[in-house]
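Below: one structure, written as structure tokens.
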Amino acid sequence: MTITEHQIKVDSLEWFYREVAPIGISDLLPVVLLHGLPSHSYGWRHILPALGSQGTRAIAPDLIGFGSSAKPPLREFNYTPDAFVKALAEFIQALEIDRFCLVVQGFLGSVGLQYALRHSDRVENIAILNTPLTTTAKLPWQMQQWGLPFAGDMATQDPLLVDRTLEGGSRYQISEADLDVFRKPFLKSSKAGRSLMTTVRNLKMSPSMTEIADGFQNWKKPILIIWGTNDPWLPVETAQKFASNLPQAEIVRLEKVGHYPQEHFAEDILKDLLPFVRRAT
């Protein structure tokens, strides 16, 4: 199943996204997959083809400021969770997606959860991979440094921050060819680093986590939590706490798996993800 690359302009923002489309007509709902920091849609390269092969249309966008999507200056896009949610809503509307399954991962994946709470009529179920969920979740110091005055300006202009973060978080090596793709936005322009720095400065973790923790207490639709238990930044206990009062939530623990489980353990994820999204009608 071939992954295709697309661009679409929504209002003034240029979006890049990767997609797989099933051959023929499918009655399965589409799936939208959202990346974390400092990644982009290429992180779903092992997941997308399997979704398409089972008859699921799957779309993985580069969020604004990341990958090959637009990297507007702060005066045009303020990189807050509210700005990301609004832009995501407009992107989904532009693709004419009425109802879908949502998959989120990582720091920035929380924006997808906020979108779901604010647009619950569109999201039928949610799969969560190592994403901050509770008020105890904090941005790791390694990422906090990207937002510091002066130090953040320099750190986010170093393409090797991608290597250090993706491999440090996953706890496994990533091939040089794949790292080249992740680094590419930082090598092309200083805008990628500035967008990352501004995102970290404006992430507003505390109110975002409060919205997620409180909002999902009233969520009634299925949730699948797939968690790498060797995550250096988000312990599995946070997922267990999140799910403790949600009878519709199920947790799958992936032992010896880190913060970016889709990088090295796609087959393990797909064992549960594929049937989960098939259930949505």
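The values are calculated or read from the model by the stated rules, or taken from the named source; none is laboratory data. Bear in mind that the values here come from a model prediction, so they are computed numbers and not experimental data. Please note: Cβ atoms are built from the backbone with ideal geometry, for glycine as well, and neighbour counts cover all protein chains shown.
Condition check ((1) surrounded by 14 or more Cβ atoms within 10 Å (Cβ to Cβ); (2) touching a Phe, Trp or Tyr at 6+ places or on another chain (Cβ under 9 Å); (3) not polar (S, T, N, Q)) across all residues:
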| site | (1), (2), (3) |
| --- | --- |
| Arg164 | no, no, yes |
| Gly169 | yes, yes, yes |
| Asp178 | yes, yes, yes |
| Val181 | yes, yes, yes |
| Ser206 | no, no, no |
| Leu224 | yes, yes, yes |
| Thr229 | yes, no, no |
| Glu237 | no, no, yes |
Selection status of Gly228, within 22 Å of Ala137 (Cβ to Cβ) and touching a strand residue (DSSP E or B) at 6+ places or on another chain (Cβ under 7 Å): yes
Subset of the range 257-269 [under 22 Å from Lys221 (Cβ atoms) and either out of contact with any helix residue (DSSP H, G or I) (no Cβ under 8 Å at 6 or more places or on another chain) or surrounded by fewer than 18 Cβ atoms within 10 Å (Cβ to Cβ) (or both)]: none
Any hit, the range 140-160, residues being surrounded by 20 or more Cβ atoms within 10 Å (Cβ to Cβ), among the polar types (S, T, N, Q) and assigned to a helix (DSSP H, G or I): no
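Quick check on Asp121: is it outside any loop (DSSP other than H, G, I, E, B), modelled with pLDDT of 95 or more, charged (D, E, K, R) and closer than 24 Å to Ala58 by Cβ?
Spelling it out, it is not the case that Asp121 is outside any loop (DSSP other than H, G, I, E, B), modelled with pLDDT of 95 or more, charged (D, E, K, R) and closer than 24 Å to Ala58 by Cβ.
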Elements of type helices (runs of 4 or more DSSP H) in the range 193-267, at least 1 residues being polar (S, T, N, Q) and closer than 30 Å to Phe150 by Cβ: 205-215
First in the range 90-109 and farther than 18 Å from Arg278 by Cβ, second anywhere and of a type in the set (Val, Ile, Thr) and assigned to a loop (DSSP other than H, G, I, E, B), Cβ under 8 Å, 6 or more apart: Val104/Thr131; Gln105/Thr131; Gly106/Thr131; Phe107/Thr131; Gly109/Thr131
Residue in the range 28-43 that is out of contact with any helix residue (DSSP H, G or I) (no Cβ under 7 Å at 6 or more places or on another chain) and either without any contact (Cβ under 8 Å) to a residue 12 or more places away in the chain or charged (D, E, K, R) (or both) present: no
Given (1) among the hydroxyl-bearing types (Ser, Thr, Tyr); (2) at pLDDT 95 or above; (3) out of contact with any Leu (no Cβ under 7 Å at 6 or more places or on another chain), index of the condition Thr229 fails: (3)
Residue tally, condition in a helix (DSSP H, G or I) and either within 18 Å of the chain's Cα centre (by Cα) or more than 18 Å from Pro72 (Cα to Cα) (or both), over the range 175-190: 9
